[in-house]
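The values are calculated or read from the model by the stated rules, or taken from the named source; none is laboratory data. Fair warning: this is a prediction, and the values are worked out from it, not measured in the lab. No Cβ is skipped: glycine too gets one built from the backbone with ideal geometry, and neighbour counts run over all protein chains shown. Side chains included, ligands, DNA and RNA excluded: accessible areas come from the protein's heavy atoms. Shrake-Rupley method; radii C 1.70, N 1.55, O 1.52, S 1.80 Å.
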Amino acid sequence: MFRKPALITFITAGDPNVKATLEFLLVLDKYSEVIELGIPFSDPMADGKAIQKANVRALKAGTKVRDVFNVVREFREYSDTPVVLMTYYNPVYRMGVERFVREAKESGANAMIVVDLPLEEAVEYLSVCEKHDMGTVFLAAPNTPNDRLKAIDEASSAFVYLISLYGTTGARDKLSQLAFDLLSRAKKICSKPLAVGFGVSKAEHVRELIKAGADGVVVGSAIVDIIGRYGEDAGDYIEDKLKELRGGLNF
Amino acid sequence: MKFGEFGGMFVPEVLIPPLKELEKAYRELKDDEEFKKELDYYLRNYAGRPTPLYFAKNLTEKLGGAKIYLKREDLLHSGAHKINNTIGQALLAKFMGKSRIIAETGAGQHGVATAIAGALLGLKVDVYMGAKDVERQKMNVFRMKILGANVVPVESGSQTLKDAINEALRDWVATFEHTHYLIGSVVGPHPYPTIVRDFQSVIGKETKRQILEIEGTLPDAIVACVGGGSNAIGIFHPFIEDKKVRLIGVEAAGKGIETGKHSASLCAGKKGILHGMLSYFLQDEDGQIATTHSIAAGLDYPGVGPEHAWLKEVGRAEYVAVTDEQALKAFLELSKTEGILPALESAHALAYAMELAKEMSRDEIIVVNLSGRGDKDLGIVMEALSCSANQL
C-alpha cells in the first residue's frame, strides 16, 4: 500500500484539538509515505506516557469518533497519502464493527490497526473489512511464534506491524536487538510489507531498520511529545523533526 | 474459553504467548495432587479455612422473615476473601518459575492480600494503585509496605482501579518473562476469569456442605456483592446447576443509578471490551469508559467479570443495585444486632438480603457472602456519619 522505504508517522486525532489535527496532518503529509491517526481512548493500555497524555488531551478537547472520521475526510481534500486509523477495539465495538468500518472507509481511511484485537477475536472484523475493502494491519511481537507470524501476515492485507520491543509505545534511546531478530524472522516468513514501530525516535533508528530490511518505520511518540510540548503551535517543530527523521531514509 | 459471547482474549499481541503459557501451566497444575495439597495446607493453616457459616439469629428475628446465614469470609487472614485467590495464584507463579508478582488494587485489599502471599512464598511484589486511591487509603499503602511490597502510584487516567489495571498490564507487557500478573478479580483476559473463579469457588463448596449439614437442604437464595465479581462467583459457582437456588448479585448504585454516580455495570452498562474481556461496562456512546463511584472502594470498577455477564444473559443469576446510603444502614444494622462489622462491599449484599428476607417466609433460607470485614472502612463510615450523627 505504500512506497518503500516508508516513513510512517503517527499522531492522536484531536490532540490538542481537531482543528490542529488537520494542520498537523498536512505537515506529516509532506514527509510521510503513510500516516497513522490514533482514535483517542480513555484506557490506552498498550501506550506509554506520551501517547497516554495525548489521549487525555484529545478527550478533554471533546474529540468524538465522528470528529476523527471528519478530519480524515477533510484531509482527503488535500492529499491521497494512505491513512491508517489506529484504535482500541471498544470504540469500534460500541459503534458496531460494520458501521465503524463502513464510515471509516467512506471518510477516506485506507486501513485499520486495532491494538487489542488479536487474530483469535478478529473473525467478524476481518470479514467486515474484506467486504468494505478496508485494509487490515495486525501487530506481531518479538515473542510471536513463527506459525502465528504467518497467520498474522495472512490476515494483514495492508502491512504487518512489527513491535520492536517488550513494552509500551514511547521514544527510546536505542533500538533493541529484539527488533532486528523479529525483522529477520519476519522477512523469511511474511509476504506483506513490514513496518517496525515502538521506540523509534531518531533518524539513526530509521536508518538502521531500513538497512536491516524494514519496508517502513513507524514514528509516533517522538512526534506526539512535540505536540505535548507546543500544543497548537507544534507544526513547525514537527516539521523539523520530520526532516531529521527523513534523513534516515537516505543513505 | 468463553462464557457465551463474553470473556475472550482482547489483548495486544505480545500478551498472547504469556496468556497461553499461563493457561497451559494452570491446566497442568489445577488437578495436580501435590499442588492441591499445598494450596489446601495454606488455606487451612495460614488463611483460616474453612470459614464458618453463621446463622444470624438476632438479625433474622428482627426482620421476621427468611433465615439469614452469613458466610464468614471476613474472618480470613487479611480480612477478606481475596486471599483465597492470591495464595493460589502465587503458588501458580512459583510453579511457572516467576520470581516477581504484580497486582492492581483499588482500596488496597487485593494489594494487601498479594503482599501477604508474596511475603509468605518469597516473591517480589509490586502493586499498582491509582494515585487518588493511594491518597485515600494511606493505611493500606502502609500495610503493603510493611509486608515488603512496593506500591506504585498510578497518575494516568482517572487515577483509580481501572487505571491501575492498565498500568499493571503495561508492566506485564515488558516483564512477563519473569513476572506473573496476579489479577485480583474474575476479570481480565482468559484464562484469568476462570483461574480466579476456581480459586474462589472454595467459598461456595464449603457453603454447600455447611448448609446441608445445618439445615439439610440447599438455601433458597444466595446474595453477594459484585464489583469485579470474585466473591460472588466464588459462592455462586458450585450452585449454578442447583436451579432452585436463586443467585443474586448486588452492584453499587452509589448515589443512585439516575445520578450517573455509581458503578453498576450489569444494571446500567452496555456490552464492551476493556482489560482483555468482552463484558458489560459503564461507557459513553463512543465507547469511552466512564468514571465510577461507590462508597465501597472494592465495588468501584466500571466493568464486571464476563461470567457474571453470561449468568445475567442466560437468566441464571439476577443482578440488582444498592445505594451508598442503604449499604451504610446495613453496615450499622449488622454491627448493632450481631456484633459484626461488615466491609462496606459486603454491606451491599446484606442490605439487599435484609429487604428480601422480609418478603420471604420464615422457613426459607438466604445465605449472604460476608466477603470482608469492615474495620478498613471505619474512616469512611465516620466521615459519612459526621453529616448525620444521629444515625448512631
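Some values worked out for this structure:
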{"read-out": "Residue count for segment B:174-215, restricted to those that are within 14 Å of another protein chain (Cβ to nearest Cβ) and either in contact with a Ser or Thr (Cβ under 6 Å, 6 or more places away or on another chain) or under 17 Å from B:LEU247 (Cα atoms) (or both)", "value": "1"}
{"read-out": "Residues of segment B:289-319 classified as over 30 Å from B:ALA384 (Cβ atoms) and either buried (at least 24 other Cβ atoms within 10 Å of the Cβ) or within 14 Å of chain A (Cβ to nearest Cβ) (or both), total", "value": "4"}
{"read-out": "Qualifying position, being in contact with a Phe, Trp or Tyr (Cβ under 7 Å, 6 or more places away or on another chain) and either open to solvent by less than 10 Å² (accessible area, probe 1.4 Å) or among the charged types (D, E, K, R) (or both), among B:GLY118, B:GLY88", "value": "B:GLY88"}
{"read-out": "Near pairs, Cβ below 9 angstrom, 6+ apart or cross-chain, from segment A:193-212 (on the phi > 0 side of the Ramachandran plot) to any residue that is buried (at least 21 other Cβ atoms within 10 Å of the Cβ) and assigned to a helix (DSSP H, G or I)", "value": "A:PHE198/A:ALA179; A:PHE198/A:SER221; A:GLY199/A:ALA179; A:GLY199/A:HIS205; A:GLY199/A:SER221"}
{"read-out": "Matching residues, segment A:15-39, being touching a Lys or Arg at 6+ places or on another chain (Cβ under 8 Å) and surrounded by 24 or more Cβ atoms within 10 Å (Cβ to Cβ)", "value": "A:ASP15"}
{"read-out": "Selection count, segment B:137-164, where residues are crowded, with 19+ Cβ neighbours inside 10 Å, in a helix (DSSP H, G or I) and more than 8 Å from chain A (Cβ to nearest Cβ)", "value": "6"}
{"read-out": "When residues of segment A:86-103 are limited to those that are touching a helix residue (DSSP H, G or I) at 6+ places or on another chain (Cβ under 6 Å) and away from chain B (no Cβ under 14 Å), the one most open to solvent (accessible area, probe 1.4 Å)", "value": "A:GLU98"}
{"read-out": "Subset of segment B:174-183 that is open to solvent by less than 10 Å² (accessible area, probe 1.4 Å) and among the β-branched types (Val, Ile, Thr) - its residue that is nearest to the chain's Cα centre (by Cα)", "value": "B:ILE183"}
{"read-out": "Output for segment A:40-78, where each listed residue is of a type in the set (Lys, Arg) and either within 29 Å of B:ALA164 (Cβ to Cβ) or buried (at least 22 other Cβ atoms within 10 Å of the Cβ) (or both)", "value": "A:LYS49, A:LYS53, A:ARG57, A:LYS60, A:LYS64"}
{"read-out": "Qualifying positions in segment B:173-183 - among the hydrophobic types (A, V, I, L, M, F, W, C) and in a helix (DSSP H, G or I)", "value": "B:VAL173, B:ALA174"}
{"read-out": "Test: residue in segment B:274-284 that is open to solvent by 30 Å² or more (accessible area, probe 1.4 Å), free of Cβ contacts under 8 Å to residues at least 12 places away in the same chain and within 13 Å of chain A (Cβ to nearest Cβ)", "value": "yes"}
{"read-out": "Helices (runs of 4 or more DSSP H) contained entirely in segment B:184-270, each with at least 3 residues that are open to solvent by 10 Å² or more (accessible area, probe 1.4 Å) and touching a helix residue (DSSP H, G or I) at 6+ places or on another chain (Cβ under 7 Å)", "value": "B:192-200, B:202-215"}
{"read-out": "Residues located in segment B:321-334, provided they are within 27 Å of B:HIS237 (Cβ to Cβ) and open to solvent by 30 Å² or more (accessible area, probe 1.4 Å)", "value": "B:ALA321, B:GLN326"}
{"read-out": "Hits in segment A:153-207 (condition: surrounded by 18 or more Cβ atoms within 10 Å (Cβ to Cβ) and among the basic types (Lys, Arg))", "value": "A:ARG172, A:LYS192, A:LYS202, A:ARG207"}
{"read-out": "Qualifying residue in segment A:90-108 (condition: within 12 Å of the chain's Cα centre (by Cα) and closer than 29 Å to B:LYS2 by Cβ)", "value": "no"}
{"read-out": "Positions within segment A:121-133 being open to solvent by 10 Å² or more (accessible area, probe 1.4 Å) and touching a strand residue (DSSP E or B) at 6+ places or on another chain (Cβ under 6 Å), in sequence order", "value": "A:GLU121"}
{"read-out": "Residue list for segment B:1-17, restricted to those being closer than 13 Å to B:TYR192 by Cα, open to solvent by 10 Å² or more (accessible area, probe 1.4 Å) and assigned to a loop (DSSP other than H, G, I, E, B)", "value": "B:MET1"}
{"read-out": "Candidate set from segment B:5-21 (those that are more than 7 Å from chain A (Cβ to nearest Cβ) and either of a type in the set (Asp, Glu) or touching a residue at least 12 places away in the same chain (Cβ under 8 Å) (or both)); member that is farthest from B:ALA174 (Cα to Cα)", "value": "B:GLU5"}
{"read-out": "From B:GLU73, B:GLU33, B:GLU38, B:GLU21, residue being within 17 Å of the chain's Cα centre (by Cα) and among the acidic types (Asp, Glu)", "value": "B:GLU73"}
{"read-out": "Any chance B:LYS376 is in contact (Cβ under 8 Å) with a residue 60 or more places away in the chain and open to solvent by 60 Å² or more (accessible area, probe 1.4 Å)", "value": "no"}
{"read-out": "Some residue of segment B:335-342 being of a type in the set (A, V, I, L, M), under 16 Å from the mean Cα position of the chain (by Cα), surrounded by 15 or more Cβ atoms within 10 Å (Cβ to Cβ) and under 20 Å from B:ILE203 (Cβ atoms)", "value": "no"}
{"read-out": "Helices (runs of 4 or more DSSP H) wholly inside segment B:318-392 containing at least 3 residues that are of a type in the set (D, E, K, R)", "value": "B:324-338, B:344-359"}
{"read-out": "Count of segment B:22-55 residues which are within 14 Å of another protein chain (Cβ to nearest Cβ) and either open to solvent by less than 70 Å² (accessible area, probe 1.4 Å) or within 30 Å of B:VAL367 (Cα to Cα) (or both)", "value": "2"}
{"read-out": "Which listed residue is open to solvent by less than 10 Å² (accessible area, probe 1.4 Å), closer than 30 Å to B:MET382 by Cα and over 15 Å from the mean Cα position of the chain (by Cα), from B:GLY111, B:GLY130", "value": "B:GLY130"}
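Each row is one residue, and each column tells you yes or no for (1) part of a helix (DSSP H, G or I); (2) touching a helix residue (DSSP H, G or I) at 6+ places or on another chain (Cβ under 8 Å).
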| site | (1), (2) |
| --- | --- |
| B:LYS37 | yes, no |
| B:ASP40 | yes, no |
| B:LEU43 | yes, yes |
| B:LYS62 | yes, yes |
| B:ASP74 | yes, yes |
| B:THR86 | yes, yes |
| B:LEU92 | yes, yes |
| B:LYS98 | no, no |
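Listed here are the residues, each with its yes/no results for (1) free of Cβ contacts under 8 Å to residues at least 40 places away in the same chain; (2) assigned to a loop (DSSP other than H, G, I, E, B).
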{"position": "A:LEU37", "(1), (2)": "no, no"}
{"position": "A:SER42", "(1), (2)": "yes, yes"}
{"position": "A:ALA46", "(1), (2)": "no, yes"}
{"position": "A:ALA54", "(1), (2)": "no, no"}
{"position": "A:ALA58", "(1), (2)": "no, no"}
{"position": "A:THR63", "(1), (2)": "no, yes"}
{"position": "A:GLU77", "(1), (2)": "yes, yes"}
{"position": "A:PRO91", "(1), (2)": "no, no"}
{"position": "A:ARG94", "(1), (2)": "yes, no"}
